[in-house]
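Let me begin by presenting the structure, written as structure tokens, before commenting on it.
Please treat every number below as a calculation from the coordinates, not as lab data. Predicted model only: the values in this text are computed from it and were never measured. So basically every Cβ, Gly included, is an ideal-geometry build from the backbone, and we count neighbours across all protein chains shown.
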Amino acid sequence: MVRTHSSPPSSPRDGDPQAPHSLSNLPSFKADQAVRPGPRRGCRGRNGVQFHGGGMGTESSVGHTPRLSSLLGGGRTRVEGVVRRSGQAETGRGVGPAALPPLEVGPGPVQGGERAGLPSLAPMGTLRPCPEEAGVRQMHAGRGGERGRGGEEKPHNKTCVAERTAGLEWKEPAERGGASGERVRPAGRGGARGRSSQPWFPGGSDSTPPAGTMARSRALLLLLLLPPQLQLGLVLAVRAPVFGRNGAHNLSPEENEFVEEEPVLVLRPEEPGPGPATINCPRDCACSQEGVVDCGGIDLREFPGDLPEHINHLSLQNNQLEKIYPEELSRLHRLETLNLQNNRLTSRGLPEEAFEHLTDLNYLYLANNKLTLAPRFLPNTLISVDFAANYLTKIYGLTFGQKPNLRSVYLHNNKLADAGLPDNMFNGSSNVEILILSSNFLRHVPKHLPPALYKLHLKNNKLEKIPPGAFSELSNLRELYLQNNYLTDEGLDNETFWKLSSLEYLDLSSNNLSRVPAGLPRSLVLLHLEKNAIRSVDADVLTPIRSLEYLLLHSNQLRAHGIHPRAFQGLKRLHTVHLYNNALERVPSGLPRRVRTLMILHNQITGIGRDDFATTYFLEELNLSYNRITSPQVHRDAFRKLRLLRSLDMSGNRLHTLPPGLPRNVHVLKVKRNELAALARGALAGMAQLRELYLTGNRLRSRALGPSAWADLAHLQLLDIAGNQLTEIPGGLPESLEYLYLQNNKISTVPANAFNSTPNLKGIFLRFNKLAVGSVVESAFRRLKHLQVLDIEGNFEFGDVSKDRDRLKEEEEEEEEDEEDEDEEEEERR
């Protein structure tokens, strides 16, 4: 299957909801995300439609060209050949200014790891060779938990010096699809490993240089040969060529901008003045006048000995360094940033006095090495320190102590135990705001934590209890991560979290709790309690938390009687509640009145009573999928109060018919994988707002889906009836329909009038049906001016249409008889 233009939505797959992981990652919950089918090889027919066919599901055949003519009954084929979508031109990276380093470490959630608060970690290769106007280059490395060779190739230093000597900076057009502005063409180190990146010129080919390029090269060569006492200015006279009326073509204004004549050199003597300092740059490194040296990813095995003394920022990440001698660092007395991550440094190879003379050092990155002991002494000017992903077992008193400017410390993924931490690890460092100690072997919360902390990570340790007063001084703490430990009810008391008056995010998931802890802070906004063994929610443990918005209680052992009817009373801000993967046998009573998203999927609910949702007036998304709900057990007035409901999911239950009284205002209705054999008359009546209807994986037959079934669905855009027992395309479908999913049925023909009522179709999916040679009438698609995808893969390529039709009719009659017998037996049992 292939497509053109925009990608259509595909029939989504079922999946458990994903819980938010931080304060800024709180999406509106979508329990069933749509999965779009990827582009496939195919053929383009008339009107730009791309077809994908083939017999018996040969989608993996290499070089297979679909033959739609074998399926079209009579007439000439509309297949015009295999279409390959060409990719866009490679996008160039932007080259905006990047001042380094940001000294302010502001609050923010952890995104994808433990790195919030670190300065921007961008590779040097994204910057232009001569960054006089761009400020200091960014020298910081990537995440401490990832090992790899340095990213892009860095610009060769000689290119930078050459352009600076000539006083020349060229501005080139942005590539198509890239950002406008200047681009960089980085040369590889020594010219061998670099990646050439050519600018795109309108109207030109990739292999032809634009007008004026050779002239520019000659001008640059001439400038390099001139005496240095002359300051040279290069003036490019850009004149767009004049095309007469009889000219071959006219250039657009965009093309005129880059058409150049021979450059004109203007030499003007300048009074002698102080010139730029000569840069002594180590081989294969990239240097700048601002004191930035990047020697990352060049397989260094020894510390470079020819570093200029005036440098401020040094990157040696992604190399093979095993030791550094103190005298090699001591002469770099102006160093502010030192990046040594992703090397092979050991504690023996990094002496205690290595950093003694770096009195201006602010940022130190030593992640992903082989350190077993932290340095005894670090400069007291440090702002951020990263020792993540080492083998540390010991921290000393002055490793982080006596550093008034220290703001963030990263120690995750080490081998730290309680004995390896000093009693007063942050003595004299009371301004630390971020402390990451995840994935170690701690059994107790460290003592005397800095009072300025606003983010504390202790997940993936061995904590069994939190002693009284462990958090008593952390009144500024906003985010606390305690998941994946061994905390029990006895390990927490009523005052464990009481003094955390600023706490907004608390994660206690994946522990051994059997009840919701008491004494939780009133300031909480998001509370993770999933993946414990919680059996009860008492009446007064949550009600004091008036600011609570997200409550995640999924994957526990909750039963309906274990949730007190007043457990959510007064929580007016609580709008998202996850109760899926529990043992609920009915909808709990006393649900939050202002809940907007309620997830009760994967429980043992058998029915829905009249008043189960009588007070949840604001409910917008309700997921009841994969329970044990049967049609007779759904009260016809169960949804009467849900006038704001937009999404209802009842997939994976035991429904034989659509329940009566479904809310008429829903936009998305999912009744997949039930036991529906027919749509009762009026089952979808009045649902004029319905946009998407999913009936996948039921037992629906063609005769049960008459035109009256869709009569009121004036705004329906997506209809999914895949995986049923249809033998023909349903008739009378709404005119608004855009995507029709009919795969995995028993459809044997596509008649000329199959889509007469649906002229707005963009995607038709008929994969894996019983279509045979001559069974698809070509004119059926003639009126579909908007059609982008026609998927007919996995059908029979050869066969007799009439025989297939008779055989399918016989099979359907036999199945009907068998079902009638089953229904009679079931009635007798009742």
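Remarks
- Taking the Cα centre of the range 674-746 as reference, the dipole from Cβ charges on Lys and Arg (+1) and Asp and Glu (-1) amounts to some 300 debye.
- Virtual spin-label span in nm between Thr488 and Glu328, 7 Å along Cα→Cβ: 5.1
- If R0 is taken as 60 Å, the Cβ-Cβ distance between Ala680 and Gln320 corresponds to a FRET efficiency of 0.25.
- Hypothetical label at Gln604: residues of the range 615-650 whose amide nitrogen lies under 14 Å (7 Å Cα-Cβ projection): 627-629
- The range 416-519, relative contact order [Cα under 8 Å, separation at least 6], %: 23
- Rounded to whole Hz, the Karplus (6.51, -1.76, 1.60) HN-Hα couplings of the range 604-619, x for glycine and proline: 10, 5, 9, x, 10, x, 4, 10, 4, 10, 6, 10, 9, 5, 9, 5
- Length gained on full extension, Ala533 to Arg636, computed as 0.36 nm times the residue gap minus the Cα-Cα distance: 33.6 nm.
- Long-range HN-HN contacts of Asp538 with modeled amide H, under 5 Å: Val516
- Calculated FRET efficiency, Ala614 to Ser472, Cβ-Cβ distance, R0 = 51 Å: about 0.70 to the nearest 0.05.
- Inter-label distance for Arg559 and Arg699, nm, one decimal - labels placed 7 Å from Cα along Cα-to-Cβ: 3.3
- Potential lengthening between Asp360 and Thr381 on full extension [0.36 nm per residue; Cα-Cα distance subtracted]: 7.0 nm
- Modelled FRET efficiency - R0 41 Å, Ser757 with Ala583, Cβ distances, 0.05 increments: 0.30
- Entries of Lys323/Lys415; Lys641/Lys762; Lys459/Lys672; Lys403/Lys572 with Cα pairs more than 32 Å apart: Lys641/Lys762; Lys459/Lys672; Lys403/Lys572
- Extension gain for the segment Ser514 to Arg301, taken as residue separation times 0.36 nm less the Cα-Cα distance, is 71.3 nm to one decimal.
- Extending 7 Å from Cα along the Cβ direction at Glu495 and again at Ser779 yields two label points whose distance is 8.8 nm.
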